[in-house]
Structure formats: structure tokens, C-alpha cells
Amino acid sequence: LLTAPMFHTNKLWWQKLTGPFYCLMQCGLSPYRAGKNTGDAYAFGTYLLFDNAFYKRIGGHASIKNFLAEDAALAKLVVGAGGTLKVYSGRHLYEVQMYDSFKKFVAGWTRILRLGMQNVSLPSLALSLSPFLIFNIHVIQYLGWHNWPLYITLTLFATAQRRMGNFSVVGILFFPLSMMLFVVLASYAMLSHWLSVPLQWRGRMYNAVSVDINVKQLE
């Protein structure tokens, strides 16, 4: 299975400022570790390239029809069945406009975070949270030459966001807003999971059980 990340066109002005948010989301999703084990397996549903014979052998999309995160379920199934999973890391192959309003942005990323946090491995979780060792109030409120780790991280984010989409460098200057957005959405997703709140997506309601991805059910 070859999967490739999307390049965000960001037609709305506020979307161009969310580069640091997407950088945070990508910290734990290294394309170089994605296919090593089932726990770290993930894929982008917008781009899935299969060997036809292998796709039929694992049952195709029909085998994961009961899972909301069908791309992640397919990736885990491929790795669990002994297949090869690769995440394309070159120049972007295609462009997408994921959301056309802030409300849909919140709903979409809340869903992704809720589905993802239930199956994330400890190494991926640690990598996802690592920027918060630098992006904290104590460090930010005392800006100076000694805060070089912060400046290096922001420089890396500015470089990385150019590969992920049409993001503005201005978003780097307002990175605390992306940080707060990430924390709020992740907290809401975690609370919803703990309280077993039904997940609403595209006009349908899904109970808490249908949200979970159990790899053993896929094998």
C-alpha cells in the first residue's frame, strides 16, 4: 500500500494561519515509521494505491466497512497481513480543500483526533506532545536569545508547513492560537471519548463502540 499526504489549498484566509496546528498534528506521524508495526500504521484515505491481488486477498474496503477511520483500519490490516506500507514523502501529488467553514474544520478535526487517540502508540503520542515542552507560557512570556529552542522549532514549522499546504508565514507569528486550538480540540475529543458521547459525522450518529478500531477484528 502506498499512501500520500495531501497538500492543503486553504482557500479561506484563516486557514492560511493554521500551519502550526497542522505541524503539531504531523509530529507523531513520521512517514519513516508508519509501516514498521501495526500500532503506528496509518494512511490517508484521499490517496491509497494498492497491488490489486493483495487488495483482493485482504478483502478490500468491504473488510473494514464497520470502521469510521477506514484509512487507518486498512493500513493496520495491510501491515497485520504481512503487506508493505509506504507513506510518500516527496513533492505533493495532489491538492485538496478539506473544509469550507470553521465549524466543519472543528467537527472534522475533532473526529480525526477522537479516532486517532484511541489507537496511537506511546512513541507517537510522545512525539505529538513534545513541542509542548517548548511551547509553554513560561517560555513564551520571556522571549530572548536564550529561547533559541523556540525559534528553531518555529523555523522548522515554517519550513514544514510549506510542504503541507498553502500556509502563510504570518501563522507562525500567531502560533499560540494554533496551540490553543490544538489543546481545545484534543481535550474535547478526549472528554467525548471518556463519556462515550455518540460521534456525529455527515448527518449520522455513531455510538462509541463503532468508533474503536480493533485490529484483531480485521485479521
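The values are calculated or read from the model by the stated rules, or taken from the named source; none is laboratory data. If you're wondering where the values come from, they're calculated on a predicted model, not measured in any experiment. Ideal geometry is used to build each Cβ from the backbone, glycine not excepted, and the neighbour counts take in all protein chains shown. Only protein heavy atoms, including side chains, enter the accessible area calculation; ligands, DNA and RNA are left aside. Shrake-Rupley method; radii C 1.70, N 1.55, O 1.52, S 1.80 Å.
Tabulated data
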| read-out | value |
| --- | --- |
| Accessible-area value, S130, 1.4 Å probe, nucleic acids and ligands omitted, Å² | 50 Å² |
| List H61, H8, ordered by accessible area with a 1.4 Å probe, largest first | H61, H8 |
| Distance in nm between pseudo-label sites at L2 and K86 (7 Å out along the Cβ direction from Cα) | 0.6 nm |
| Theoretical gain in end-to-end length, S101 to A62 [0.36 nm per residue, Cα-Cα removed] | 10.9 nm |
| Per-residue HN-Hα couplings for the range 193-199 [Karplus 6.51, -1.76, 1.60; θ = phi - 60°; Hz; x = Gly/Pro] | 5, 4, 8, 6, 6, x, 8 |
| Amide proton proximity set for Y206, modelled H, under 5 Å, gap of 5+ | L199, Q200, W201 |
| For V169, solvent-accessible area (1.4 Å; no DNA, RNA or ligand), Å² | 100 Å² |
| Under Karplus coefficients 6.51, -1.76 and 1.60, residue-wise ³J(HN,Hα) of the range 157-168 in Hz, glycine/proline x | 5, 4, 6, 5, 5, 5, 7, 8, x, 7, 9, 8 |
| FRET efficiency for S196 and R163, using Cβ-Cβ distance with R0 set to 25 Å, rounded to 0.05 | 0.10 |
| Built amide H within the under 5 Å cut-off of G165, gap 5+ | H8 |
| Other-chain or far-sequence residues with amide H under 5 Å of Y88's (modelled H) | T3, A4 |
| Karplus 3J(HN,Hα) series, Hz, for the range 71-87 with 6.51 cos²θ - 1.76 cosθ + 1.60 (x for Gly, Pro) | 5, 5, 5, 5, 4, 5, 5, 4, 5, x, 8, x, x, 9, 10, 10, 10 |
